[in-house]
Amino acid sequence: MGDRDLELLEFHKIREILAGYASFSASQQLARDLSPLSNEEAVCLLLRQSTEARRLLSLSPDIHIGEVLDIREVVRMAARGKVLEPQLLLEIRKTLDAARRLRSHLMGLSSELPLLSGLAGDIVELDRLQKDIGDCLSPSADLLDTASPRLASARHRMREVRQQLVTHLETIIRSPRRRKIIQEPIITEREGRYVIPVKVECRREIKGIVHDVSNTGATLFIEPWTTLDMGNEMRELVMEEKHEIERILGRLSSEAGAHEIEISRNIELIAEIDLALAKARYAREVKATEPVIVAAGTSHEVEGDGPAGVLRLLEARHPLLAKKAVPLSVEIGRDFYTLVITGPNTGGKTVALKTIGLLSLMAQAGLPIPALPESRIPLFDGVFADIGDEQSIEQTLSTFSWHVGNIVRIINSATAKSLVLLDELGTNTDPGEGSALARSILLHFSSQRTMTVATTHYTELKALAHTADGLQNAALDIDPVTMTPTYHLTVGIPGGSNALATAARLGLPAQIVTGARDMLSKGSQDLEALLTHLTTEQTNVESLRRSLEKERDEAQHRNTELENRLRQLEEEKRKIIQETRDRVVREAAELQRELREATSELRKEKSRERIDRAKKALAEVQKQLNAEVWRARAAAGTGDEEAGSGSIATGDTVWLKETRSQATVLSVSEERGLIEVQVGRAKITLSLDSVEKRIPTTGAVEPKGGMITRGLRKRTVSFELDLRGKRADEVELALEDYLNEASLASLSQVRIIHGIGTGTVRQIVREILASHPLVMSFRAGEQGEGGDGVTVVSM
């Protein structure tokens, strides 16, 4: 992992936090030197050690490594011949004693803590060295008389000589004759010699050696001649003691130096154990757990290890935000490899980005992460980040140039097993070009299946994530009422930027915000409104989900005995409900079937009734046409025209055989055998067989005598029925009436216009046509006929 990426994701702060939970300098340094690893076995080992350390804290909440100090440099100097001070030797003894105690404690828990006890088992107990130092030094680092017989003898004689000296000098200063020359009745030391303070004017009154003069010059510190031999002996004994102490310290230092390798190794082992305990203390503080490490790359199922290549964070929190962090849950790598996060300014997009990256780094460094234990993190070969605004004044690079340079570095280094994090991709330049560049970069990473998370405000990137394979939208939600960020991540929908609401919340004058809102296009406003609505609906669903989960959790924590007693009743209840439900479903299905049959019968009955009425009416009309009065009328008509056998063309006059009436030809289709004619104001399409051409004749004689005529009212029916805008309950009645009218008008083909819309009216129309006795067939309209918004019916 690159140092720049670690710094951008603030991994160094995690190191310092962890070091704060360590107990001594060696383990603190291990914490500060932590780096993400790419070796799966090493990462899993570190995480298992962390798990055991958390277990150890639960078994022994007050566990501590003891008074351990990093004495590696001390024993290294001792190994090179340096005589150690008593205080340093005492530190060695305390460290050895703490190591022994720690080893004993962990070895007693070897069955529950195999990894930590394995580390402790390698600690070498140096009991001999520990005892030797303890026999020579007191807890205050003083050399004991028992350190050696020679030291004990020298100190014993020193005490005797000192007592003699003090007694003799006290005799001098208390004698009446000497009292007048003494400046002050005390005995003191100068340069290791016992002296008495004598007035300077009385220096001739006592013989001795002057060792010092007071600052005022009024007092001389004199060692009397009578104590000179005792003082010399005392001086010799002090030198003898010093030499013996140096000899003892040298011996102990050599003994410690001889065990340099063992002691240094012990410190390393204790530091590893303490680092694991530091992880456990950190985990206890922030409620962190060890994630599952899976292989990076293409997602596939690995037996016993779940999906490989899938990053799944559940209830994950940014480790540097403490209790202010809002949990997020996200899964990348199963259905998509690129996640595009959108949402309002100050809404938490960058925090979400850093959370994903930082937790991945922590996991690969063997650290527990603040997320649920079911979280899974792939073993990335690199985590690359482009976050924040940085300029290089020395290299005269703009913010955009810096970002592009960083992205070039990432593109050249990232693989299908990498994690790429891009914050506000394509900004700090022309929006059109920046958006295009951002889309191309995301498609590049998506094409090589590099797991990528990007934040943006560009609408084009939201659209790309919605339409392109391998990409997915995610939104940082806002409260639809207060328009403030909730910092909750929702995967599957894009988020709105809500720049105006954010600006207003941060104190921008209302008139400026209103003016900006008026300048927005209607499409932009509608899009923001839609996103707000989606956010509200998502919030409601999430609230319901949490409510259901809470109820589930409460149910799971019921008393075990009560659950056992209720289980049988619940099973019986379930069977009863199931049987009842099955019975109700069967009855409902039967009722629906009967209802459909009744509806169908009713429709058929209604159609038959109308057909019967129509047939009766036609029969009555035919009967009237066959009457004498109508034959006379028809004969009068034939006086002007006679049937012809020529071809029929547009504009010809034809005779309608069935209705015995005259019509004018509008168009002829010989291929289809159809003819369109006009009778009065009505236009009718008929078959060619139902008409015959009439040729006008000359010299017609007006029939004599009176003529009885009777007018027959013709039906005028349109060739199409428009049902658009009608309710479902109006459609069936209108269609039934129209089909009957079309049949009476002898229309061979009609059009039903229902539109496309939701398809409800079209479905009702075609269901009716499928079972209607007057309909021979029907089809959807062709391109020139109205397409699927029209149904063409053959009667």
Q) For the stretch 766-795, what are the residues that are under 49 Å from the mean Cα position of the chain (by Cα) and part of a helix (DSSP H, G or I)? A) R766, E767, Q783, G787, D788, G789
Q: Give me a count of the residues in the stretch 322-360 that are within 17 Å of L442 (Cβ to Cβ) and in contact with a His (Cβ under 8 Å, 6 or more places away or on another chain).
A: 1
Q. Where in the stretch 197-298 are there strands (runs of 3 or more DSSP E), lying fully within it, with 1 or more residues that are in contact (Cβ under 8 Å) with a residue 40 or more places away in the chain?
A. 219-224, 292-295
(Q) Looking only at the stretch 136-150, how many residues end up being part of a helix (DSSP H, G or I) and either open to solvent by less than 70 Å² (accessible area, probe 1.4 Å) or small (G, A, S) (or both)? (A) 3
Q | Of the criteria (1) more than 30 Å from L372 (Cβ to Cβ); (2) open to solvent by 20 Å² or more (accessible area, probe 1.4 Å); (3) touching a helix residue (DSSP H, G or I) at 6+ places or on another chain (Cβ under 6 Å); (4) not aliphatic (A, V, I, L, M), which one D229 fails | A | (3)
Q: Check R93, R55 and return the single one that is open to solvent by 70 Å² or more (accessible area, probe 1.4 Å), assigned to a helix (DSSP H, G or I) and either touching a strand residue (DSSP E or B) at 6+ places or on another chain (Cβ under 8 Å) or on the phi > 0 side of the Ramachandran plot (or both).
A: R93
Q | From the options G306, G357, residue that is open to solvent by less than 50 Å² (accessible area, probe 1.4 Å), over 19 Å from A22 (Cα atoms), out of contact with any Ser or Thr (no Cβ under 7 Å at 6 or more places or on another chain) and modelled with pLDDT of 90 or more | A | G357
Q) Would you call E374 open to solvent by 50 Å² or more (accessible area, probe 1.4 Å), more than 24 Å from E16 (Cβ to Cβ) and under 19 Å from the mean Cα position of the chain (by Cα)? A) yes
Q) Restricted to the stretch 688-717, and to residues that are surrounded by 10 or more Cβ atoms within 10 Å (Cβ to Cβ), touching a Lys or Arg at 6+ places or on another chain (Cβ under 9 Å) and modelled with pLDDT of 65 or more, which residue is farthest from E741 (Cα to Cα)? A) E692
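Listed here are the residues, each with its yes/no results for (1) more than 23 Å from P494 (Cβ to Cβ); (2) assigned to a strand (DSSP E or B).
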{"position": "V340", "(1), (2)": "no, yes"}
{"position": "T346", "(1), (2)": "no, no"}
{"position": "A352", "(1), (2)": "no, no"}
{"position": "M362", "(1), (2)": "yes, no"}
{"position": "E374", "(1), (2)": "yes, no"}
Q) Filtering the stretch 180-196 down to residues that are assigned to a loop (DSSP other than H, G, I, E, B) and among the hydrophobic types (A, V, I, L, M, F, W, C), which residue is surrounded by the most Cβ atoms within 10 Å (Cβ to Cβ)? A) I181
Q. For residues in the stretch 724-773 being more than 18 Å from M795 (Cα to Cα) and among the polar types (S, T, N, Q), which is least open to solvent (accessible area, probe 1.4 Å)?
A. T760
Q.
Being in a helix (DSSP H, G or I), in contact (Cβ under 8 Å) with a residue 12 or more places away in the chain and open to solvent by 40 Å² or more (accessible area, probe 1.4 Å) is the filter here; which residues of the stretch 30-52 pass it?
A. L30, R32, E40, L45, L46, R48, T51
Q: Please work out which residue is surrounded by the most Cβ atoms within 10 Å (Cβ to Cβ), limiting yourself to the stretch 58-86 and to residues that are of a type in the set (G, A, S) and either under 20 Å from S360 (Cα atoms) or more than 35 Å from the chain's Cα centre (by Cα) (or both).
A: A78
Q) Are there any pairs, at least 6 apart or on different chains, whose C-beta atoms fall under 9 Å, with the first in the stretch 151-179 and buried (at least 17 other Cβ atoms within 10 Å of the Cβ) and the second assigned to a helix (DSSP H, G or I) and at pLDDT below 85, and if so, which? A) I172/R178; I173/R179; R178/E205
Q) Across the stretch 123-135, which residue is farthest from A271 (Cα to Cα) among those that are in contact with a His (Cβ under 9 Å, 6 or more places away or on another chain) and outside any helix (DSSP H, G or I)? A) L126
Q | Scan of the stretch 96-122 for residues that are under 14 Å from R55 (Cβ atoms), open to solvent by 10 Å² or more (accessible area, probe 1.4 Å), of a type in the set (A, V, I, L, M, F, W, C) and in a helix (DSSP H, G or I), ordered by number | A | L115
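The values are calculated or read from the model by the stated rules, or taken from the named source; none is laboratory data. Fair warning: this is a prediction, and the values are worked out from it, not measured in the lab. Virtual Cβ from ideal backbone geometry, glycine too; neighbours counted across all protein chains shown. These accessible areas exclude ligands, DNA and RNA; they are computed on the full protein's heavy atoms, side chains included. Shrake-Rupley method; radii C 1.70, N 1.55, O 1.52, S 1.80 Å.
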